[in-house]
Every structure is written in C-alpha cells, then in structure tokens.
Amino acid sequence: MCVFHRVVFLLISFLPSCVFAASPGTLGTTSTGTINISITIPSLVQITTLTDITLGSTSSFPASGNTTACIYSNVASPLGSYYVTASSVNTSGSDFRVKDSGTDYIIYSAYWNNTSSPSQTTTLTSGTKTAQQTGGSAVSLSCSGSSNANFNINFTAAQVQGAPAASYSDVVTIVISPT
C-alpha cells in the first residue's frame, strides 16, 4: 500500500517507483495493518517405486527386464517435464555393464520410457543426460498410486557370446533433474 501525504506532484513523480511494503495501522478503536506475502517454489523432482531387475538364469536371447517408476515434477514448461541420467557402476566409457566376481564384464543396453510401458523408447548411455522427458506427475508425489515411467534393459545373444558362466550384476543410479 502506497501512502502519499499532502503533495500531489509527488504522487505523479514517484508513482513508477512505488513499492508496496508492510504498513502499520493507526491508533483508533480498530486498526488495520497490511503485509505482503511472497514465496518462491523451486523446480522439484522425485523418483519413487523403483524395484530391482533380476533376470535369473537364461539361455534364451534377447533377455530383457524392466522396472516402472513414479516421476513427480513441478517443472512448468512443459508441465511435468524432467531429464534422466542413468549411470552404471561398472561403466566403461558410456556402456552399461554387468560384472562377475572376477574381471569379466558383459555390456547391455538400457532404455527409458516416459510412460509405464517397457518399450525401448529412449536409448540411454551411462552418465549422459537425456533430452527433456514429459509425462511426470505435477499433482501427486505418489503418481496417484500408478507408474508413469519405465527403465528397461536388454541383453542380446551377441552381447553375452563368449562370456564365462557366472552370476553378473550391476548397480544403476538414476538421477531425475528439472534441467
């Protein structure tokens, strides 16, 4: 609330630089004061409901597995958008790799889908941020109990050819970011 006293030309001179600020009330049987309230909400994202992918023993290829996720994003343009960076703990360059208890590795392919479908929509490279994704929930941290994204992997026969018999594993870290 701007308060101007007595001199009208000040109103005209200072109107463009008028800054509204808290104002005290005046003495009387009632008194009214005003305050301004402001808040800034930063861009926020969250990933939940991931589960481990266990393929078990298989001799049939391609072999694939997936996990769904709930992505929350309050990013405004476009609403619910986000970026994904997935990183393999066993990476070499930009490859996703599983490792046995020794020194053997198997490269595998990883994908992101901005729906709950396990289709191979966006090819991932370890440690590299994707293009902007859409489809995140902008209203519910829990996606109202459903999934809206999918991380999936695939091993081809060519990728496992020549690999010694063993159990192989990897840990993938998925980072969801607003920019």
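Each reported figure results from applying straightforward, stated rules to the coordinates on display, with no laboratory input. Note that the structure is predicted; figures quoted are calculated from it, not measured. Heads up, the Cβs are rebuilt from the backbone with ideal geometry, glycines too, and the neighbour counts pull from every protein chain shown.
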Enumeration of residues in region 124-179 that are part of a helix (DSSP H, G or I) and crowded, with 18+ Cβ neighbours inside 10 Å: CYS143, GLN159, VAL160
Matching residues in region 27-75 - criterion: being aliphatic (A, V, I, L, M), closer than 14 Å to ASN154 by Cα and surrounded by fewer than 14 Cβ atoms within 10 Å (Cβ to Cβ): LEU55
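Of the residues THR103, THR123, only one is on the phi < 0 side of the Ramachandran plot, free of Cβ contacts under 8 Å to residues at least 12 places away in the same chain and among the β-branched types (Val, Ile, Thr); which? Explain how you work it out, then say what you get.
On the way: THR123 fails: free of Cβ contacts under 8 Å to residues at least 12 places away in the same chain.
Just a single option satisfies the conditions, and that option is THR103.
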Any chance SER87 is surrounded by 17 or more Cβ atoms within 10 Å (Cβ to Cβ), of a type in the set (Gly, Ala, Ser) and closer than 19 Å to THR130 by Cβ: yes
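Could you check, for region 151-167, whether at least one of its residues is in contact with a helix residue (DSSP H, G or I) (Cβ under 6 Å, 6 or more places away or on another chain), farther than 20 Å from ILE53 by Cβ and either in contact (Cβ under 8 Å) with a residue 60 or more places away in the chain or among the acidic types (Asp, Glu) (or both)?
Keep residues of region 151-167 that are in contact with a helix residue (DSSP H, G or I) (Cβ under 6 Å, 6 or more places away or on another chain), which gives none.
No: zero hits.
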